[in-house]
Amino acid sequence: MSAERKQKIRFINVLASLRNELYFERLEQLEAARNPDIPDARRKEHLEWAQALEGWSKRIKVEMDELRTGFLRQWLDGADVMVQEMARATAKVDEVHKDMEQTVEDAQVFVRLVGKLDDVIGIVRPFL
Amino acid sequence: MQSIVQCAVLALLIAVTGCAHVQGSNFAKFHEAVAEVQKSVDSVSEDNLEANKEFFIESVVKQEVSLPQLGLSFLDADGEDPYFWKPRSTILYLELKRAHFGLLKLNAALLKYAAVLETLATTDFLSHAEMQQMARDINTNSLQAMAALEIDLGDDFDGALLGTAAAALMERYVLTRQKALLYELIEANQGAVRQVCDHVIDYIRVGLLPDVTAGYQDRLESALGDSSGLLTRREQVEAVLKVNEDTVELLELLKSIELVYAALPAAHRDLQKTDGDSVLAGINSLFDYAIRLQGVYDSMQKKGAES
């Protein structure tokens with residue numbers, strides 16, 4: 001795996017974790033805003049903070065989706081090449097299989113040739 | 001006939017170097033592990049696609065994505081593929097679908113390779129009985145020929161031109177040739193197998209994992225719903241815990257799948273080893289990971305069916 005690809009994958013996963021953290025921070029803010037004992041100004045602050053976190057979360061998702069989309073497109077191109085490579089490897093194994101069958105067939109031909117030897121000798125014997 | 005000459009030369013070599021049988025069971029284990037991991041990752045990818053589609057529909061309903069953006073385009077810039085399609089705009093769900101089909105093809109290619117490798121390794125090209133019969137035929141035919149030629153075979157001749165040892169040698173030749181060719185193939189394809197496995201791991205990390213981690217909040221929101229005010233505190237806790245359990249299981253499954261793919265290249269190289277090699281670490285870890293994966297996968301399937 002190239003260093004660039006590795007870094008990209010790590011970055012995508014960091015963004016995914018970050019989005020998750022933002023979500024829980026937002027939930028914390030919403031819970032705090034529900035507290036009946038705090039003044040309205042404080043409640044407003046919590047709600048604004050929760051809204052800002054939601055906005056960042058959406059932006060992160062858009063960024064992450066863009067990165068994943070680009071990566072997956074490249075991935076697909078690579079996968080196509082590898083499918084062909086594996087098909088070639090498989091065909092080579094098939095070829096070897098046929099080659100082995102040929103080897104055995106050659107051995108059997110040899111046995112048959114020895115069998116024929118007797119017939120040949122029968123023919124040439126009167127001339128010996 | 002060239003093979004017969006090679007046969008004779010190699011037979012002598014074998015007599016000196018000895019011969020070991022190909023371990024067909026290792027090839028079967030390798031094939032089985034590839035099939036197992038393929039089944040799991042294909043299924044997880046399929047489920048992930050469905051979940052992604054669901055969240056995507058929700059985002060369109062919430063008008064985060066416009067309707068025209070949903071369309072497909074069949075315009076192929078190269079004009080070479082009549083079946084070409086792509087999303088009109090960047091829609092992750094559709095890219096995932098394209099990549100999912102790529103994954104299926106890649107896994108199918110790897111599985112086919114593992115299958116033909118096993119076939120080659122386990123094919124009994126010439127059985128011991130067949131070899132003995134061939135030796136008997138040669139002996140009978142050659143003895144008749146020598147008798148016809150009135151050749152004096154002497155008192156020391158035991159009546160067999162091709163003795164048991166020579167027949168065994170020929171049998172060894174077939175097995176050794178099979179083994180040598182297999183090892184050559186394994187070595188030649190080691191790089192390709194490693195590349196495929198690394199590529200699938202990339203897919204797991206980018207195509208699947210972010211949907212588990214980043215998608216966690218979507219699943220939580222979905223479980224709590226807009227009506228979270230209607231749920232009791234206890235119901236909310238239970239909903240969160242359920243999503244937690246499912247997420248952790250999914251992470252465990254992805255990790256197990258990744259471990260199998262990470263272990264596959266070493267196991268592929270291990271296929272060159274025989275009984276004489278005491279440690280088949282690659283094959284053993286692969287099989288352990290595959291069994292672990294099967295356990296996690298089966299338990300998730302069972303839970304899914306129950307719920």
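The values are calculated or read from the model by the stated rules, or taken from the named source; none is laboratory data. As the structure is a computational prediction, the values presented were derived from the model and not from experiment. Here the Cβ positions follow ideal geometry from the backbone for every residue, glycine too, while neighbour counts run over all protein chains shown.
Conditions (1) closer than 30 Å to B:ASP124 by Cα; (2) touching a Phe, Trp or Tyr at 6+ places or on another chain (Cβ under 6 Å); (3) within 8 Å of another protein chain (Cβ to nearest Cβ), marked per residue:
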{"position": "A:ALA41", "(1), (2), (3)": "no, no, no"}
{"position": "A:LEU47", "(1), (2), (3)": "no, no, no"}
{"position": "A:VAL62", "(1), (2), (3)": "no, no, no"}
{"position": "A:LEU72", "(1), (2), (3)": "no, no, yes"}
{"position": "A:VAL81", "(1), (2), (3)": "no, no, no"}
{"position": "A:THR90", "(1), (2), (3)": "yes, yes, yes"}
{"position": "A:VAL93", "(1), (2), (3)": "yes, no, yes"}
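Of the helices (runs of 4 or more DSSP H) lying entirely inside the range B:144-252, those containing at least 2 residues that are surrounded by 18 or more Cβ atoms within 10 Å (Cβ to Cβ) and at pLDDT below 80 are B:164-203. Against the test of being in contact with a helix residue (DSSP H, G or I) (Cβ under 9 Å, 6 or more places away or on another chain), over 28 Å from A:ASP80 (Cβ atoms) and touching a residue at least 12 places away in the same chain (Cβ under 8 Å), the options B:GLU249, B:GLU221 yield a single qualifying residue, B:GLU249. Could you tell me whether any residue of the range B:69-90 is in a helix (DSSP H, G or I) and either farther than 24 Å from B:ILE204 by Cβ or more than 10 Å from chain A (Cβ to nearest Cβ) (or both)? Yes: one or more hits.
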